[in-house]
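The values are calculated or read from the model by the stated rules, or taken from the named source; none is laboratory data. Since the structure is predicted, the reported quantities are computational estimates derived from the model, not experimental observations. Don't worry about glycine lacking a Cβ; one is built from the backbone with ideal geometry, like all the others, and counts go over all protein chains shown. Ligands, DNA and RNA are stripped out before the accessible areas are found, and what is left, the full protein with its side chains, is counted by its heavy atoms. Shrake-Rupley method; radii C 1.70, N 1.55, O 1.52, S 1.80 Å.
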Amino acid sequence: MSNPSKSHTHSPRLLRYVVAVIAAAAPVAVGALASIAASPPSRGAAAGAALFGLAAIACELKPVPLGEQGSRYVSLSFVFLLAAQLVFGWEYAVLAAMTAAAVVGLSDRAPLVRWAFNSAMYALAVMASAVPGIALGIEGSGIHSDRLTLLAFSGGALYVIANVVLVSGAVALATGHSLRSIVEDNVRHSGPAFLIMACMAGLAASLWKVDPQLEVLLAGPLFALALYQRYAYRTVLATRDAETDALTGLGNHRSFQTDLREALALAASTGTPVSLCMIDLDDFKGINDRFGHPAGDQVLARVAGLVREQFPVEAAYRIGGEEFAVVLEGRTELEAYAAIERLHHLLWQTAFPHGEPVTVSAGIATFPDHGADRDALLRVCDGALYWAKNHGKNRSCVYTPSVVRIFSPEELAATAERNARLRAAEGLIRVVDAKDTYAGAHSQSVSRLAEGIARSLELEEEVVEQVRLAGLLHDLGKIAIPDAILQKPSRLDPDELRTMREHADLGYRLLEGLGVSPVDRWIRHHHEWWDGSGYPLGLAGEEIPLGSRIILVADAFDAMTSDRVYRAAGSADAAVAELRRRCWTQFDARVVSALERYLASPECHLAPALQVAGSATARWCS
């Protein structure tokens, strides 16, 4: 049975139900007392009934757990209550049952209504177990051994039916779930245990009739069984905790390695495929840095929930900080890819606590096509994930030798160092945004716009990613510009203007040696104008790198639609009109047209935080 609710607040329907059960049990209790008073038991019978009652109380105080979560328990008191009913009569069993329930209620300091209901429920269940004996006229001490088996199973069945139905009725009223589903759930989980206990109850009654001292032969093993079950339960919990990630409830790295090895061994013997999916949250460090680790934990838990929706829970794992894995037995890489794409769709539709969308990158590889053993499969799958992360993120990559390159440890170390430096540069960008006169994350906005323009121009995926990175880092050089110049609320004088214009060269020099070409070059020239009047070198027309021209348009659009300390934001429509007016003088008209296509595309979404009075068309582009 499930644990009762801890709540002390009950609905009127539930209270009426409880009162009805107590009222039904009241004449049973009174009848039991009257029957015993009318025909007092012998000293031996009284002692025996008391002994069975004490055993029932002891079992009720220490129920045996059935479920891994500790939400289901079964009490061995059923054995002694049914045996007492078979040996001494229903009157003694009813009193023992009510006493046991009352003692437990007082011990747990349960509300009066709860332990009164439990006492009444037990009384009715025990009374139900006596119906076959009463109907056949063979109850109490008059039962012969040859009838015990029949009465033990028939009476036990009626006891279980009454117990389950009465408890399920209360649970259904308390939770709003259907009575039928709760009854079926309890019978499915507790039925086998009650069947075994019915056998034990018949055995207990038989041993008492032969010689009461023989009862020790059953009581000892019965309590040993209860202790063993508790030990086994704790062992299961310890094993589960050792193999489960505490935050997400998914399998951890240890269970992932074990299950993957077993899945591959089975696949090798049966000739079936196994697809491995490695899933990594994009820019998760930024979520922790900007919103705090509690928000990051909420994001991880929400993503894990979506993974559980899409994949069997036993096939999903959290194997690192923001990295998940899925082992799909009997699934090809195409089936795995389709499942991961559905996960991408779920993520896009999900609102996260920190108020921003969350995306993932995934690598997919299949045994035995892509890797002949576990290490090879992990290596190529990790390579596919690395490709997805470095080609725009928010995408899935199925391993293909002609596309995905597997790096040597030295190359991986060099790449890790490069990425660490880039992350440091991205951290500096947040400082720049905080120092500058924009209200909001200007660099992130320019990065999204630049990426959208690049996609509208149908550039290659690698170039799109480079444009995105350049847009993010375009103002890196401003870290060295004095705050007095960055935050000046009026027009800059000539000396200040010369200092400000140094930021493009400064950003270029800060990125030198990181191996990010042509990103560093694009940043150096992102203030060059089409007519040659820009800086730092006065390049004109096609001499200006395309990446620089894209950043210039994205930067200008975001600047015109963002609040500054010296002016309010303008509308998106007005900004686009101004960009058009300056085509072929400041801007490349083809890039401006690409921006317009992107702003009108489904991939570009309105952002309420960017909308201002008179600018209902301001957009946030993802």
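For S562, the conditions (1) without any contact (Cβ under 8 Å) to a residue 60 or more places away in the chain; (2) closer than 22 Å to L486 by Cα; (3) assigned to a loop (DSSP other than H, G, I, E, B) are fulfilled apart from (1).
If you filter the stretch 345-368 down to residues that are of a type in the set (V, I, T) and out of contact with any strand residue (DSSP E or B) (no Cβ under 7 Å at 6 or more places or on another chain), you find that the one that is farthest from L264 (Cα to Cα) is T350.
It is to be established whether one or more residues within the stretch 107-122 are farther than 15 Å from L54 by Cα, charged (D, E, K, R) and surrounded by 21 or more Cβ atoms within 10 Å (Cβ to Cβ). There is no residue in the stretch 107-122 that is farther than 15 Å from L54 by Cα, charged (D, E, K, R) and surrounded by 21 or more Cβ atoms within 10 Å (Cβ to Cβ). Residue count for the stretch 14-53 satisfying the condition of being within 25 Å of V104 (Cα to Cα) and either within 51 Å of the chain's Cα centre (by Cα) or among the hydroxyl-bearing types (S, T, Y) (or both): 20. Inclusion of D433 among residues that are of a type outside the set (A, V, I, L, M) and either modelled with pLDDT under 65 or in a loop (DSSP other than H, G, I, E, B) (or both) is warranted. Looking only at the stretch 584-595, decide whether some residue is open to solvent by 60 Å² or more (accessible area, probe 1.4 Å) and assigned to a loop (DSSP other than H, G, I, E, B). Checked the stretch 584-595: at least one residue is open to solvent by 60 Å² or more (accessible area, probe 1.4 Å) and assigned to a loop (DSSP other than H, G, I, E, B).
Please give the number of the condition A267 fails out of (1) outside any helix (DSSP H, G or I); (2) over 27 Å from P353 (Cβ atoms). The number of the failed condition is (1). Only residues that are open to solvent by less than 10 Å² (accessible area, probe 1.4 Å), in a loop (DSSP other than H, G, I, E, B) and under 25 Å from E460 (Cα atoms) were counted across the stretch 341-389, and they come to 1.
Scanning the stretch 293-327 for residues that are open to solvent by 20 Å² or more (accessible area, probe 1.4 Å) and outside any helix (DSSP H, G or I) yields P312, R318, I319, G320, G321, E322, E323. Return yes when L76 is under 21 Å from V160 (Cβ atoms), among the hydrophobic types (A, V, I, L, M, F, W, C), touching a strand residue (DSSP E or B) at 6+ places or on another chain (Cβ under 9 Å) and touching a residue at least 40 places away in the same chain (Cβ under 8 Å) and no when it is not. Answer is yes for this residue. Scanning the stretch 287-309 for residues that are at pLDDT below 90 and polar (S, T, N, Q) gives a single hit, N288.
Restricting attention to the stretch 328-340, and to residues there that are of a type in the set (A, V, I, L, M) and open to solvent by 10 Å² or more (accessible area, probe 1.4 Å), which single residue is farthest from S269 (Cα to Cα)?
Going through the stretch 328-340, the residues of a type in the set (A, V, I, L, M) turn out to be 328, 334, 336, 338-340.
Next cut, open to solvent by 10 Å² or more (accessible area, probe 1.4 Å) only: 334, 338.
On the way: L334: 22, A338: 26 Å.
By that ranking, first place goes to A338.
Those helices (runs of 4 or more DSSP H) of the stretch 450-511 in which 3 or more residues are of a type outside the set (V, I, T) and open to solvent by less than 20 Å² (accessible area, probe 1.4 Å) occupy 461-473, 503-511.
Here's the yes/no breakdown for (1) outside any strand (DSSP E or B); (2) at pLDDT 90 or above; (3) exposed (fewer than 13 other Cβ atoms within 10 Å of the Cβ):
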position	(1), (2), (3)
D241	yes, no, yes
R254	yes, no, no
L260	yes, yes, no
M278	no, yes, no
K285	yes, no, no
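Scanning the stretch 521-534 for residues that are in a loop (DSSP other than H, G, I, E, B) and open to solvent by 40 Å² or more (accessible area, probe 1.4 Å) yields W529, W530, D531, S533. When the residues of the stretch 20-68 are filtered to those that are in contact with a helix residue (DSSP H, G or I) (Cβ under 9 Å, 6 or more places away or on another chain) and among the charged types (D, E, K, R), the one that is modelled with the lowest pLDDT is E68.
For the stretch 535-570, the set of residues classified as aromatic (F, W, Y) and either under 43 Å from the mean Cα position of the chain (by Cα) or open to solvent by less than 20 Å² (accessible area, probe 1.4 Å) (or both) consists of F557 only.
How many residues, within the stretch 524-572, are of a type in the set (V, I, T) and either more than 18 Å from S443 (Cβ to Cβ) or in contact with a Ser or Thr (Cβ under 8 Å, 6 or more places away or on another chain) (or both)?
Step one: of the stretch 524-572, the residues of a type in the set (V, I, T) are 544, 550-551, 553, 561, 565.
So of that shortlist, the ones also either more than 18 Å from S443 (Cβ to Cβ) or in contact with a Ser or Thr (Cβ under 8 Å, 6 or more places away or on another chain) (or both) come out as 544, 561, 565.
Residues in the stretch 524-572 being of a type in the set (V, I, T) and either more than 18 Å from S443 (Cβ to Cβ) or in contact with a Ser or Thr (Cβ under 8 Å, 6 or more places away or on another chain) (or both): 3 in total.
Scanning the stretch 512-520 for residues that are at pLDDT 90 or above and either buried (at least 16 other Cβ atoms within 10 Å of the Cβ) or under 28 Å from G286 (Cα atoms) (or both) turns up nothing.
Would you check if A174 is at pLDDT 65 or above and open to solvent by less than 30 Å² (accessible area, probe 1.4 Å)? Considered against the rule, which asks whether it is at pLDDT 65 or above and open to solvent by less than 30 Å² (accessible area, probe 1.4 Å), A174 comes out as no.
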